[in-house]
Structures are given as C-alpha cells and as structure tokens.
Amino acid sequence: MSHLPNTHIEIINPHLERGRICHALFDFDGTLSLIREGWQGVMIPMMVEALLDTPHHESEAELTRVVTDFVARLTGKQTIYQMIQLAEEVERRGGVPRDPLDYKHEYLRRLWAHIQGRVADLKAGRRSPDDLMVPGARDMLDALRARGVACYLASGTDHPYVLDEADALGLTPYFGDHVYGALDDYQNFSKRMVIERILRENSLAGPELVAFGDGFVEIEDTKAAGGITVGVASNEATRRGIDAWKRRRLIQAGADLIIPDFREHEALIAYLFPGED
C-alpha cells in the first residue's frame, strides 16, 4: 500500500486498468451527504431497547456490542435488513418480534426527529448545502460531469428520502433520473441490481465503471463486477481525516483506493484519468 505523492489518497490496488471510466456510481449517506450523520446513535439505542425487553437478554453493554456489530456489518444494504436482523435477535432471546417494517418505520420516526432541523435549515437557506456534504463532493461531481461521465446515485435509504435530501443539497442535476433508493418491497431493490443494470444497459466492461462509497456493500458488489472501487473512509462527525474503522472495512470489501473525502479531487481525477492534457 502506498499514497499518491503529497496526498492522503491511499492506493490499495496498484494494478488498476485506469483511463476507461465512463460511468460512476455513488453511495449517498457518508459518501456525499452528511444530513444523516449520527444515525447509528439513533438506530443502536432503539434496537438495544427492544432487546432489553426480551425474556432472556444479556447486559445492556453486551447487547450494545452485539447490535453495533450487526448494524455495522449490514451498513450499505437497505435499512430493512438491519431490522430483519433485529427481529431475529428478539426471537432468539425469547421475545415476540414486531414486523421488520414496523421497526424500520419507528427508526425513521426517531431519525427524523434527529435530522429534521438540518433539512429545514437547508430548504430555508439558513445553512449552506456544502456544510452538510462530504468536503469536495460537489467539485468531484463537477469534474466527472466535465468529462462526460454518467453519474448514478444508489442508497440503502428509502427512495423518497434520498430524492428529497439530494434535492435539498442541490445534487439532483448531477444524477437526473439515475437516483435509486430503498423500497418497502425490498426484494425489488439492491445496489447489486443497480450495478448490474448499469453494466447491462450500457454494455460496459468492468473498469468502465467506478463506484464511490463508505459502506461495504457498494464496494464489494462493484468489485465483484470488475469495476474500480474508491472507498470513502469519511469521518462524518469532524468532516476531516480518516475513519479508521471504515478504512479497515472498505479494504476488506475490496476497495482499490481509500480517500478521506474529495478535497484532493484533482489528484484523484488525474489518477483515474491518466494521460489527460
């Protein structure tokens, strides 16, 4: 492993077939948007609360460890999968689980209470969109668009929320109709389906697609399809530096490059598109 000179861009796989990219897939939360920063602090306590209400539960500390582990493992997939796991954990401890969709809707209600002020401030112009984005994200999108790269957005967050929050951040023009979010009918959406659709509809070979993401799923699925993968190990709370836990997970998933954010987008673009004047 090495870094591009004078940057924080870490090269995990130096054998990339570069210079062929014409399509780019972006995750949303933690990769572009920081509107939902702190979501784990809403989801994990809710789940621990449900498990403490079962007949045969462990200590609160042990339940927090268990929940944190599976929430992290499933990050990047649709939220419903974390709730399906919660229902299984409730049943395992002798409880009667609610429907996973009920758990999801309760989580979304609590999360909205956490983030509604941010969304309201954005829509009212009291807060700059770039304050609630991963640094340099808009510049990176501009650079890709200038090169004619078609950009896609795929998120495990529910589709209506992705559309609303992307619009509030001023990101809709970069993606047009290529915004994909989770559905209550969860079996009809996955990031893998989006990746396969992009490749099929555009007759692409693997290295013509690049994916940017801070979660395991989009990196693993793009890597399996032969695409180029850029792991965004963003520190969402401080908006600066590498999140070491994210970095480890992204490398395990198969990230070719690791970046903390898009501040060094010019160097990243130069690496991904070699030979440009």
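General remarks:
- Residue within region 254-277 that is under 16 Å from the mean Cα position of the chain (by Cα), modelled with pLDDT under 95 and either buried (at least 21 other Cβ atoms within 10 Å of the Cβ) or assigned to a helix (DSSP H, G or I) (or both) present: no
- Scan of region 158-178 for residues that are under 22 Å from A120 (Cα atoms) and outside any helix (DSSP H, G or I), ordered by number: D158, L169, G170, L171
- Residue in region 156-166 that is over 13 Å from the mean Cα position of the chain (by Cα), β-branched (V, I, T), within 19 Å of G30 (Cβ to Cβ) and at pLDDT below 95 present: no
- Pick from region 191-218, criterion aliphatic (A, V, I, L, M) and at pLDDT below 95, ranking: nearest to D261 (Cα to Cα): V217
- When I228, I219, I258, I242 are screened for being within 16 Å of F28 (Cα to Cα), in contact with a strand residue (DSSP E or B) (Cβ under 9 Å, 6 or more places away or on another chain), in the same structural domain as F189 (by TED's automatic domain parsing) and in contact (Cβ under 8 Å) with a residue 12 or more places away in the chain, only I219 passes.
- Qualifying positions in region 167-190 - of a type outside the set (G, A, S) and at pLDDT below 90: L183, D184, D185, Y186, Q187, N188, F189
- When E106, E17, E37 are checked against the criterion of being more than 30 Å from I198 (Cβ to Cβ), acidic (D, E), touching a residue at least 24 places away in the same chain (Cβ under 8 Å) and in contact with a helix residue (DSSP H, G or I) (Cβ under 9 Å, 6 or more places away or on another chain), a single residue qualifies: E106.
- Selection from region 179-217 of residues that are surrounded by fewer than 19 Cβ atoms within 10 Å (Cβ to Cβ) and in a helix (DSSP H, G or I): Q187, N188, R192, M193, E196, R197, R200, E201, G206, P207
- Filter result for R36 (at negative phi, basic (K, R) and surrounded by fewer than 18 Cβ atoms within 10 Å (Cβ to Cβ)): no
The values are calculated or read from the model by the stated rules, or taken from the named source; none is laboratory data. Since the model is a prediction, treat every value here as computed from it, not as a measurement. For neighbour counting, all protein chains shown are included, and Cβ atoms are generated from backbone atoms with ideal geometry for every residue, glycine included.
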